[in-house]
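Please read the structure below before turning to the comments.
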Amino acid sequence: MLTAFAALALIAGLSATAPIAASAQEYGRVYTTWQPQWDRFQYDRRHVILGEVVRFRPYRVTVRRPGGDIDTIDLKNGTTIRPLGATPQRGDRVAVYGYYSNGTFIANGLVLR
């Protein structure tokens, strides 16, 4: 009986940790500062959008990418803006990090240059 309970606990523990490992890969890194390689436009294009702030309002930022494309990105509760306490202004260089879900970029955070 104790062996069956221990096996069940082990299986439950493994199944609880598996999604965490997968989600860490899916959602990419968390950035707290501007990365030097971003100045050379070297970045993970699946998890980072670089550009210039065109407009910012609560829960939404509009970014002009280096090629001229303009993207409006919705922000969610918990999206961090670094440096902490900063508010994106028109013309600020910005890196938006997160992930794509069904063709939509989900922002986990913004880092201002």
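Where a number appears in this text, it was derived from the coordinates with a stated rule and is not lab data. Keep in mind that this is a model prediction, so the values were computed, not measured. All Cβ positions, glycine included, derive from the backbone under ideal geometry; neighbour counts span all protein chains shown.
Among Tyr31, Tyr97, Tyr43, Tyr59, sorting on how many other beta-carbon atoms sit within 10 Å of each Cβ, with the fewest leading, yields Tyr59, Tyr43, Tyr31, Tyr97. Considered as an equivalent ellipsoid built on the Cα gyration tensor, the stretch 30-112 has semi-axes of 16, 15, 14 Å, the largest given first.
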